[in-house]
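The values are calculated or read from the model by the stated rules, or taken from the named source; none is laboratory data. Everything quoted here is computed from the prediction, not taken from an experiment. Cβ coordinates were reconstructed from backbone atoms using ideal geometry, including for glycine residues, and neighbour counts include every protein chain displayed. Ligands, DNA and RNA are excluded from the accessible area calculation, which covers all protein heavy atoms including side chains. Shrake-Rupley method; radii C 1.70, N 1.55, O 1.52, S 1.80 Å.
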Amino acid sequence: MRVFSHSGHDYGVLFSRWEALASRAGLKFSIFCEEGGFPVIAIENDQALAGESDGVYLSAGVHGDECAPVWGLLHWAESDPVILRTRPVVIFPCLNPHGLVGNTRCDHRGLDLNRCFENLGCPLVKAWTAFLEGRRFALSLNLHEDYDAGGIYLYELSRDESRGDELLSACEDIIPREMAGTVDGSDFHRGLLTRSGDLERVVEEDLGGGYPEAILLFLRYCRNSYTFETPSEQDLPCRVHAHERFIAAALREIGAK
Ligand SMILES: [Zn+2]
C-alpha cells in the first residue's frame, strides 16, 4: 500500500496525475465540462474513441466526501492494466471536483449528483449524457464510500449470474465485509445486494425519484453495473487499496489483468 504525500482531497494532484498517465499510455484526456470552477475530466482509450461497444465504464468522485475511490481508480490505471489496450474503456476520474476539494457530498449548487443522472437541467448531466450517446458497455463500476459502514459492501445490478460474492471475497482481506442485514435502508446479505429489475420502483420509493449514476447506466448503457462502497471512517490507504483491488477483480473476467 502506498503512503500518501498529499491530501486525499487535492484535485490538482489528481488532475496532473491523470494528465501524465493519459499522455504516457496514449489515452485521450478531455475536459468534458466545467463545474463549480473546476474542469471535469473524461478519459478514453482508442477502442472507445473508435466507437467499439462491450467495454467498461469506470467512475469515481460523484460524492466529494468519499475520497478513496478517486485514488483507487488512479492507482489501478497507473498499474498499466492490460484492458486499457484491449477493450473499450471510458473513465470519469472525478465527477464532482468541487465536492472533492470541499470534502462535501454535494456539488457547488448543493445538488447530490447521484440523484440527478436523469436531469438534463444539470449541466454536468447534460454533458455526460451527450458524451455517452450511442455508447454501450459490458460493465460499469461506480466507486463510493459510506461513513456509517463498518465494512465493504456492493450493490450489484446484473443481467447475468451474480459475481458479487466473489468480488467481495477478493477485497475482504484488506477491509472485511459489512455484515449488517440492513445497509443505508436496504436489505443486504453478507455485504451484497443484487438486483436485476424493478429499479424504477426503487428510484421512486427509496430514492425520492432521482436516478443514481449506476441505475441510469444499467437501464440505458450497461449490461451489468456494480457500485462498490468502502467505510470512509477507516484508514485511507486501506480504502484506496480496496478500491484498486475491486476494480482489478471486477475486470478480470472480461479480459483485464
Ligand atoms: Zn457515494
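The label point for residue 238 and the one for residue 254, both projected 7 Å from the Cα toward the Cβ, are 3.0 nm apart. The stretch 1-36 and the stretch 178-257 have Cα centres lying 24 Å from one another. Along the axis of the charge dipole computed for the chain (Cβ charges of +1 for Lys and Arg, -1 for Asp and Glu, origin at the Cα centre), the listed residues 73, 88, 5 are led at the positive end by 88. Qualifying GluC sites (Glu not before Pro) in the stretch 50-138, where qualification requires a DSSP coil assignment and no more than 12 other C-beta atoms within 10 Å, comprise 133. Each Cα pair under 8 Å and six or more residues apart adds its separation to the average, and for the stretch 26-252 the resulting relative contact order is 25 percent. When DSSP beta bridges are restricted to pairs lying wholly in the stretch 26-252, around 45% turn out antiparallel. In the stretch 111-219, Cα pairs under 8 Å separated by at least six residues give a relative contact order of 37 percent. Per residue, the accessible area of the chain comes to 40 Å² when a 1.4 Å probe rolls over the protein heavy atoms. Net charge dipole, the stretch 26-252: roughly 700 debye, given to the nearest 20, about the Cα centre with Cβ charges of +1 for Lys and Arg and -1 for Asp and Glu.
Explain nothing, just the number: dipole magnitude of the stretch 118-257 about its Cα centre with +1 on each Lys and Arg Cβ and -1 on each Asp and Glu Cβ, in debye rounded to the nearest 20. Don't jump to the answer; show the numbers that get you there.
Working: 15 positive and 26 negative charges, 156 e Å.
Computed about the Cα centre, the dipole is about 760 debye.
Surface composition of the stretch 1-146: carbon plus sulfur atoms contribute 50% of the solvent-accessible area (1.4 Å probe, protein chains only, all chains present). For the chain, set up a GNM with springs between Cα atoms under 10 Å and report which of 187, 54, 198 has the largest fluctuation. Among 187, 54, 198, the largest mean-square fluctuation in the Gaussian network model of the chain belongs to 198. Annotation for the stretch 73-115: trypsin sites (Lys or Arg not before Pro) lying in DSSP loop with at most 14 further Cβ atoms inside 10 Å of their Cβ are 109.
Using a/c under 1.5 as the rounded threshold, could you call the chain rounded, prolate or oblate? The axes a ≥ b ≥ c are square roots of the C-alpha gyration tensor eigenvalues, and prolate needs a/b larger than b/c, oblate otherwise. Please list the in-between numbers first.
Working: a/c = 1.17, a/b = 1.12, b/c = 1.04.
Rounded, because the longest to shortest axis ratio a/c is under 1.5.
Projecting each Cα onto the charge dipole of the stretch 26-252 (Lys/Arg +1, Asp/Glu -1 at the beta carbon, about the Cα centre), which of 134, 38, 113 comes out farthest on the positive side? Projecting each Cα onto the dipole axis, the largest value belongs to 134.
Of the chymotrypsin sites (Phe, Trp or Tyr not before Pro) in the stretch 121-200, which ones lie in a loop per DSSP and count no more than 11 other C-beta atoms within 10 Å? Numbers along the way, then the final one.
Numbers: sites: 128, 131, 137, 147, 153, 155, 188; in loops: 147, 188.
Answer by residue number: 147.
Only Cα pairs within less than 10 Å get springs; with that Gaussian network setup on the chain, which residue of 72, 185, 210 has the largest fluctuation? Largest GNM mean-square fluctuation: 185.
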